[in-house]
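Q: Before I ask anything, let me first share the structure, which is written out below as structure tokens.
The values are calculated or read from the model by the stated rules, or taken from the named source; none is laboratory data. All values reported here derive from a predicted model rather than from experimental measurement. Every residue, glycine among them, receives a Cβ derived from its backbone with ideal geometry; neighbour counts consider all protein chains shown. Only protein heavy atoms, including side chains, enter the accessible area calculation; ligands, DNA and RNA are left aside. Shrake-Rupley method; radii C 1.70, N 1.55, O 1.52, S 1.80 Å.
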Amino acid sequence: MEHQKDALAGLRPPTAVLTRGFDPRLSVGSARPAVFRSSTYVFTSPEAAERAFQIASGRADPLPGEDIELIYSRISHPNAEILEDQIVPLEAGAREAAVFNSGMAAIMTALLTFLKPGDSLIYTMPNYGGTRHLIREFLEPFQIRSIPVLAGQWSEMEQAMASAQRLRVVFIETPANPTLVMTDIARTAEAAARHPDRPLVMVDNTFLGPTFQHPLRLGADLVIYSATKYLSGFSDMLAGVALASDPELIRRMRARRILFGNILQPDECWLLDGRLPTVPLRMNRQSKNAQRIAERLVEHPMVRTLHYPTLFTDAEQIKIRLAQCEQPGAIFSMELEGGRRGAFEFLRRLKIARNAVSLGGVETLACHPRTTTHSSLSEEELDRCGITDGLVRISVGIEDWHDLLEDFRQALDGI
Ligand SMILES: *Cc1c(COP(=O)(O)O)cnc(C)c1O
């Protein structure tokens, strides 16, 4: 497929995502990719098999344009290859991608590829509950030291970078879940580049990427997604993706993926692949809906504070938003009057929005982070991160925004 890539070089992302990486001749002419469920692949010759193993094991590099035969689906399969080729143009600055069977699988594989016992890792707080759990409960006992820094507090980041020993990874999630506090990606990447250990900067870009935030362009090394969210967009599958400008980083992660057995399965690859062309359409609509709703709900007397990028008041946060986010995105959180009771009453009264965790789907979802997604944090951590009793998180879908606004207003009025 190399020749095809060259012919189509230079296309803009919405075109490239539909034309790159898929050759209909390899799917008996079908206009959209077929699903290849086979677990194993037939070699054209023993020599081709030997060569495929040399390359898969990293003992040899493929020659330019060389056709390398598939071996076995845990190593790779046609639907993963198609998806990995087609997703690259969506991420500005990316040259290579690897797909995993969940966002957590992508995060775990990234951390276990680049960290070993004795190394340390810095991560921003608050962040996705599973990521924090993985770092604290699983990596720490393997002698991987982790240093949390509060999102939006640059002095904490500087201090952590100055004190860390064998610093290999700086893992940032921006905007932070669920408070939307932002971390400066370019500044983090510059500080990492100056650091004697030259740690990799990894960005969990699930909330705003790939449409509105481009960490690789800002100097990050690795971008990670829970494709369960906006990339797939219909709350009906689990998937994860890692992308990088340096193909070597992805090749190293793929070598781990072979051992872990956490490649995304063919059916899921096919499903996710079909959703890619509409990612920017869905995200733009969702972001516009959320902005219209958030900027009106902030006036409601039952809303104490509303966390949303266009409503930031902190000068530093506004500067970061303007520098690294093209649109504010479709997630906001609000602290309601009446604490936990107020928040629960609000959730109980919603008629269109559903009370569920997860985000990024075409349908609107609402949840209470303190008692659900972030319930494993200590009281002290919750308070430090601003995850209060009255806080609800909303992921806005593609419904008509007037209907959603009315739904939120009637639920707020009823508290
Ligand atoms: C959902 C989520 C994850 C985990 O992804 P899964 O696909 O559920 O494994 C990681 N990071 C963020 C920001 C998420 O929202």
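Q: Mind grabbing the accessible area of Val357 for me, 1.4 Å probe, Å², rounded to tens?
A: Number for this one is 80 Å².
Q: Right, next: Just the accessible area for Asp413, please: 1.4 Å probe, Å², rounded to the nearest 10?
A: 110 Å²
Q: So for the pair Phe138, Glu363, with labels modelled 7 Å out along Cα→Cβ, what separation do we get in nm?
A: About 2.9 nm, to one decimal.
Q: Moving on to the next point. Quick one: Cα centre-to-centre distance for the range 94-170 and the range 9-52, in angstrom?
A: 34 Å
Q: Within the set of other residues whose C-beta is less than 11 Å from the C-beta of Ser245, count the net charge using Lys and Arg as +1 and Asp and Glu as -1. Show your work: numbers first, answer last.
A: Working: positive: Arg95, Arg217; negative: Glu91, Glu96, Asp221, Asp246, Glu248.
Once positives and negatives cancel, what remains is -3.
Q: Report the paramagnetic label zone for Glu326: residues of the range 73-90 whose backbone N is under 17 Å from a point 7 Å from Cα along the Cα-to-Cβ axis.
A: Only 87-90 pass the distance filter.
Q: At a 1.4 Å probe radius, which order do Tyr41, Tyr128 fall into by accessible area, largest first?
A: I get Tyr128, Tyr41, largest accessible area first.
Q: Ordering His77, His307 from largest to smallest accessible area (1.4 angstrom probe), what's the sequence?
A: Output order, biggest surface exposure first: His307, His77.
Q: Given points 7 Å out from each Cα along the Cα-Cβ axis, report the Phe260 to Trp154 separation in nanometres with one decimal.
A: 3.3 nm
Q: Additional query: log10 I(q)/I(0), Debye, Cα-only the chain, no solvent, q = 0.07 Å⁻¹?
A: With no solvent term, the Cα-only Debye profile gives -0.34.
Q: May I ask you to compute the full-extension gain from Lys288 to Arg166, defined as 0.36 nm times their residue separation minus their alpha-carbon distance, rounded to one decimal in nm? Don't skip to the end; give the middle numbers.
A: Values: separation 122, 0.36 × 122 = 43.92 nm, distance 4.31 nm.
Extra length from Lys288 to Arg166 when fully extended: 39.6 nm.
Q: So how far apart, in nm, are the two label points at Glu190 and Thr15 if each is 7 Å from Cα heading toward Cβ?
A: 3.5 nm
Q: Here's a follow-up. Out of the total accessible area of the chain (probe 1.4 Å, heavy atoms of protein only), what percent is carbon and sulfur? It would help to have the intermediate numbers written out before the result.
A: Values: 9590 of 18140 Å².
About 53 percent, which is the carbon plus sulfur part of the accessible surface.
Q: Might you tell me the accessible area per residue for the chain, computed with a 1.4 Å probe and given in Å²? Don't skip to the end; give the middle numbers.
A: Numbers: 18140 Å² over 415 residues.
Normalised by residue count, the accessible surface of the chain is 44 Å².
Q: Right, something else. Run the helix sum for the chain: -39,500 (n - 2.57) per DSSP H stretch of 4+ residues, divided by residue count, reported at 222 nm to the nearest 500 deg cm²/dmol. All intermediate terms of the calculation are to be shown ahead of the outcome.
A: On the way: 15 runs with 155 residues, N = 415.
Using -39500 (n - 2.57) per qualifying helix, the result is -11000 deg cm²/dmol.
Q: Let me ask you something else. Solvent-accessible area of Ile398, probe 1.4 Å, all protein chains present, reported in Å² to the nearest ten, please.
A: 70 Å²
Q: Next question. What ranking of Phe207, Phe142 comes out by heavy-atom accessible area, probe 1.4 Å, highest first? Before the final figure, lay out each step's value.
A: Numbers: Phe207 20, Phe142 110 Å².
The most accessible residue leads, giving Phe142, Phe207.
Q: While we're looking at this one, here's another question. Work through the residues other than Met108 whose Cβ is under 11 Å from its Cβ and net out their charges, Lys, Arg +1 and Asp, Glu -1. Intermediate values should be presented prior to the final figure.
A: Numbers: positive: Arg256, Arg257; negative: none.
Neighbourhood net charge equals +2.
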